[in-house]
Structures are given as C-alpha cells and as structure tokens.
Amino acid sequence: TRWHSVTGVQTCALPIWASKLEQEIGAWESVPEGFTTILPLNDLHARVYALQAPLLRARGYKGLTAWSGYRYDMLQPLDAPAGPPSRPPALSVRMMRNEHRAEVVNLTNPTDAPLAVTVTASGLGRASSALALREVIFTDTRERIPVASALGPKASAEKGLQIRIPAGMTRQVWLDFDTEGVPAGDYRAALQVAPAGSKAGVTLPLALHVASLTMPAEFSIAIGGWDETNNKG
C-alpha cells in the first residue's frame, strides 16, 4: 500500500481498491468448477483479504509475525493482536509418556503479497519423533462463519512444513505431539519459521517436558460425543 500526502493530509488508497473489488464481486455470477470451501475461496477473495495488510502495518506490523493463542480458540482468518508482540512467543508443552497433545503458533502476514514459509523444529534429540507439524485450514460453513478446525497432512518436524500465507491473513500451525516411546525428560528446542528468499525469519523457543508417569493404554472412563442424526441428513 502506498501512503501519500495530498495538501499536507495523509491519505490511503484503500477506499479506491475496495471500490474496484466491490465491482468485481458484483460481476461474479457463477460458481467455478473445482470450487471448495477452503479460504480464501479464489484470487478475488484473496485480494479482499489483502486489504487487511496496510491496516496491520498501520498498527505497527512490519514483516512475518508469530504470536500465540489457545489451540481451541475460535481463530478467524484476519485475527491478530492489537499490536505486534515485542518478541516471538515461547512454546511450552508438558506431557505424560504415551500421551497425545498439541500446541499452536499463529503466523500473520502484513505484507501486500503472499508469503511461502517453511516451518521446522530442531534440537528435540531423542524426542524428535514425538513432533509432527500440520497446517490448520480455514473453511467456510453453512452459517457463513469461517472455522479453523481442518488439519492438513502431517509433516516431519525436521524436514519441515511448507505453507502459504496470503497477504493480510493469519495462518495457524498445529504442533502435533505424541510421546509414545519417548524417554522421560526435558527437551529444549527451537521452532524456525523461514520465508522463502528472505533472511527475516522467526525463531520460537520450544520446551517439551515428558513426565515419567505413563498414560494408560485404556481408560477406566469412556468419553464420547453425540450428533443429531435426524436433521438435514
């Protein structure tokens, strides 16, 4: 986005861009072949989301930004803290042996172009097999409320997960831990987020504590859920 001064008043081209996008939306009459509910829906939708990028920069964001959140929070595609964090968040996970647990990190792109990034983890040593990385995928719903609950395929933490963050949007990375067969102990590692062709990456400290206590293979209580089978198929 270009901010410019007209007669001493700082203005922004956002209203012009938004007006042009609105005209394109009005001319869109049919659903294209291969349509999915993954957000953004298409290139036009991605350019609408990109309107958020200059607003993020006005709030102090500069480049790729990592921030923390609770893994089950209702994350939205344009969510971001009021201002960029002063430092990357520290990730900490405490588990029993033979347990399955997750942590997340959110990545926001305040630039005007999509960012291709690779996420890797190093330093876990004997616990390296305990961590897999997944991209959290935003999808639309019947109620038109985006949800961040679909998980992409697992990627090795050492080989890395490759994701694309559209301009102005936030993407979430799911850290999938499974301590089956992992010795008890404390592991200090680092999560690296590296944009393609750029040295301005982000490194997050990662601490994993595996207790000597082992989660049983079978539980003494059954935990389940329910669904309505008589409503709209």
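The values are calculated or read from the model by the stated rules, or taken from the named source; none is laboratory data. If you're wondering where the values come from, they're calculated on a predicted model, not measured in any experiment. Cβ placement follows ideal geometry from the backbone for every residue including glycine, while neighbour counts extend to all protein chains displayed. The protein model used for the area step is the full one, side chains on, heavy atoms only, and it has no ligands, DNA or RNA in it. Shrake-Rupley method; radii C 1.70, N 1.55, O 1.52, S 1.80 Å.
Could you say which residue among 142, 164 is under 15 Å from the mean Cα position of the chain (by Cα) and of a type in the set (D, E, K, R)?
Values: 142 fails: under 15 Å from the mean Cα position of the chain (by Cα).
From the options 142, 164, the qualifying one is 164.
Given the options 228, 158, 143, name the one that is among the charged types (D, E, K, R), out of contact with any Asp or Glu (no Cβ under 8 Å at 6 or more places or on another chain) and within 26 Å of residue 99 (Cβ to Cβ).
Checking each option against the conditions leaves just 158.
Condition (residue is open to solvent by 40 Å² or more (accessible area, probe 1.4 Å), out of contact with any Asp or Glu (no Cβ under 8 Å at 6 or more places or on another chain), within 19 Å of residue 39 (Cβ to Cβ) and of a type outside the set (Ser, Thr, Tyr)) applied to the range 95-111: is it met by at least one residue? There is no residue in the range 95-111 that is open to solvent by 40 Å² or more (accessible area, probe 1.4 Å), out of contact with any Asp or Glu (no Cβ under 8 Å at 6 or more places or on another chain), within 19 Å of residue 39 (Cβ to Cβ) and of a type outside the set (Ser, Thr, Tyr).
The residues of the range 9-24 that are among the hydrophobic types (A, V, I, L, M, F, W, C), under 15 Å from residue 43 (Cα atoms) and either modelled with pLDDT of 80 or more or open to solvent by less than 80 Å² (accessible area, probe 1.4 Å) (or both), listed by number, are 18, 21. Only one of the numbered conditions (1) open to solvent by less than 40 Å² (accessible area, probe 1.4 Å); (2) in contact with a Lys or Arg (Cβ under 7 Å, 6 or more places away or on another chain); (3) within 28 Å of residue 43 (Cα to Cα) is not met by residue 138, and that is (2). Specify the residue that is farthest from residue 88 (Cα to Cα); the eligible residues are those in the range 30-64 that are touching a residue at least 40 places away in the same chain (Cβ under 8 Å), of a type in the set (Gly, Ala, Ser) and surrounded by fewer than 18 Cβ atoms within 10 Å (Cβ to Cβ). It comes out as 46.
Residues that are closer than 30 Å to residue 58 by Cβ, surrounded by 16 or more Cβ atoms within 10 Å (Cβ to Cβ) and of a type in the set (D, E, K, R) within the range 112-134 are absent altogether. Determine, yes or no, whether residue 197 is modelled with pLDDT under 95 and closer than 26 Å to residue 39 by Cβ. Yes, satisfied. Looking across the range 37-62, the residues that are out of contact with any strand residue (DSSP E or B) (no Cβ under 8 Å at 6 or more places or on another chain) and farther than 11 Å from residue 169 by Cα come down to 41, 42, 43, 44, 45, 55, 57, 58, 59, 60, 62.
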